[in-house]
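K.L.:
I have a structure here, written as structure tokens, and I will follow up with some questions on it.
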Amino acid sequence: MEERIRERIDYYRQIINSRSIYRDAFQKQKENSLYNTAMIPVMIEFVIWVIGQTQQQGIKRLYFLSRDGYQMFLVAKDLCRKMNIDIEIRYLNVSRYSMRVPEYAMLGEKCLDRIFIGGIDVTFRRIMKRAALTDEEIHDVAKECEMDNELDRMLNYQEIMILKSKFADNRKLLAYIQRHSKIAYPNAIGYLRQEGLLDDIKYGLVDSGWVGTLQQTIRHLTQKDRIDGFYFGLYEIPKEEASDMYHGFYFNPKTGLDRKSYFSNCLFEAVFTSPEGMTIGYSKEADRYIPQMDMEQNPNKEIIQDNVRQLLNYLNQINIYDKQSDVRFVEKLLKPLMAHPTKTEVEEFGDLLFSDDVLEGNLKKVAAELSHEEIVNQRFIPKMLIMLGISKKEIHESAWIEGSIVRLGESVDRSLRSAEQYKKFVYIRKRIQMRMR
């Protein structure tokens, strides 16, 4: 093992030695990867919290949502078995896309709030694909707003919002959306019924989090008055939803400003996922509803399979779990890795392929390889000028901007400080907006 890798692992080792469950399990490991040193304890702490919350609320069934919930699901099954906890642990094959398309018809014009959203490298074509339109339908709709020659041009947030207002009363687009939604609905609701989400039982959903719209969508489809969701972190919750149904471990809309500023949700998703492809819909075969995947496998399949192997080996070394989670312990592990990574960590995790869109496409390295100018445009003032339309430069986003900064290796400290400042500004603004609702 190279000396620089050993130094970073030794740093994490000092932290995990403070909790016997990880110190003992780690000492029995034959390999000392960054994943099993820094990341596995993070996942276990989260699951300990989830199970504790579930017990307090008298919930007897938990659904771990694919794909972010897969490694959580494995830990939860092991924990409940070893601690003799009577909670049913299930895995649910869903995605924002597979649930939103059948939901669109229920929302009417409000479905545009699900479709016209920002992200990394958003184009008109990608927006229309979120609505399940065919290529022919996309071209037809593009003519309505003179976008037929700019289908793949990157759009900034303001341009996306302008397009949304243009299409608010567009009968053609809404008719296409309604038609595809009504086709998708029967199989989607059939799958949810088959998996027990329409049962008269109090259950909870578990996922990585961030906004929680998938929980809202499932609640709409199942017509449940209440479904509780348990998340690693929540930046905000959907409008018109009861806040007491949304539970965040690491941060929530009202707390954890510093943790949000030092956190990369995209990196979290890239690491904690499953090997299979994304669920895009459902088919009926005989009397069963089968999830349909858009790809044969996760593009990071081999790495994720190896991570899962390490996780299972790690769990085999645990005889008993702690009853209480420690969020400060998690912060000590995540903050340096996500906000101030070493080149070693960028090499370990930065090449994972990632897409932040509701449909998996346009995959890029989570720590995108950006030029010095592109990094500068990510700094607070230049980025604000671009976002406001004052500067005409383009923002080339990175899913893990801190990883991209370290990867480039130029003006690292200054760029990292600026990335933190921008994140804090965004989350302070969100908090103010939330209070003004």
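K.L.:
Restricting the search to the stretch 389-437, which residues are polar (S, T, N, Q), in a helix (DSSP H, G or I), open to solvent by 30 Å² or more (accessible area, probe 1.4 Å) and within 29 Å of L352 (Cβ to Cβ)? Talk me through it step by step, then tell me what you get.
P.N.:
Just the residues of the stretch 389-437 that are polar (S, T, N, Q), to begin with: 391, 398, 404, 411, 415, 418, 421, 433.
Still in the running and in a helix (DSSP H, G or I): 404, 415, 418, 421, 433.
Then keep just the ones that are open to solvent by 30 Å² or more (accessible area, probe 1.4 Å); that gives 421, 433.
Within the stretch 389-437, just Q421 meets the criteria.
K.L.:
Something else about it: Identify, by number, the condition in (1) aliphatic (A, V, I, L, M); (2) in contact with a strand residue (DSSP E or B) (Cβ under 9 Å, 6 or more places away or on another chain); (3) more than 30 Å from S418 (Cα to Cα) that V330 doesn't meet.
P.N.:
All conditions are met except number (3).
K.L.:
Sort through F263, F249 and tell me the only one that's open to solvent by less than 10 Å² (accessible area, probe 1.4 Å) and not basic (K, R). Don't jump to the end; show me each part of the working.
P.N.:
Values: F249 fails: open to solvent by less than 10 Å² (accessible area, probe 1.4 Å).
One residue alone meets the criteria, F263.
K.L.:
I've got another one for you. Of the residues that make up the stretch 174-187, is at least one closer than 22 Å to V75 by Cβ and either within 25 Å of the chain's Cα centre (by Cα) or outside the structural domain of H139 (by the TED database) (or both)? Before the answer, list the steps.
P.N.:
Looking only at the stretch 174-187, we keep the residues that are closer than 22 Å to V75 by Cβ, and these are none.
No, that holds for no residue.
K.L.:
Looking at the stretch 209-221, can you tell me whether even one residue there is among the basic types (K, R), open to solvent by 10 Å² or more (accessible area, probe 1.4 Å) and not in a helix (DSSP H, G or I)?
P.N.:
no
K.L.:
Which residue, of I127, I89, I117, is outside the structural domain of I162 (by the TED database) and under 24 Å from the mean Cα position of the chain (by Cα)?
P.N.:
On the way: I127 fails: outside the structural domain of I162 (by the TED database); I117 fails: outside the structural domain of I162 (by the TED database).
So the residue among I127, I89, I117 that is outside the structural domain of I162 (by the TED database) and under 24 Å from the mean Cα position of the chain (by Cα) is I89.
K.L.:
Consider H220 carefully, then state whether it is in contact (Cβ under 8 Å) with a residue 60 or more places away in the chain and farther than 19 Å from S95 by Cα. Before you say what the answer is, go through the steps one by one.
P.N.:
Values: in contact (Cβ under 8 Å) with a residue 60 or more places away in the chain: yes; farther than 19 Å from S95 by Cα: no.
Taking the combined requirement at face value, the residue does not satisfy it.
K.L.:
For the stretch 329-350, indicate whether the set of residues that are under 21 Å from the mean Cα position of the chain (by Cα), surrounded by 17 or more Cβ atoms within 10 Å (Cβ to Cβ) and over 18 Å from R8 (Cβ atoms) is non-empty.
P.N.:
no
The values are calculated or read from the model by the stated rules, or taken from the named source; none is laboratory data. Keep in mind the model is a prediction, meaning the values are calculated, not measured. When we count neighbours, we look across all protein chains shown, and the Cβ atoms used for this are built from the backbone with ideal geometry, even at glycine. We work out accessible area using only protein heavy atoms, side chains counted, and drop any ligands, DNA or RNA first. Shrake-Rupley method; radii C 1.70, N 1.55, O 1.52, S 1.80 Å.
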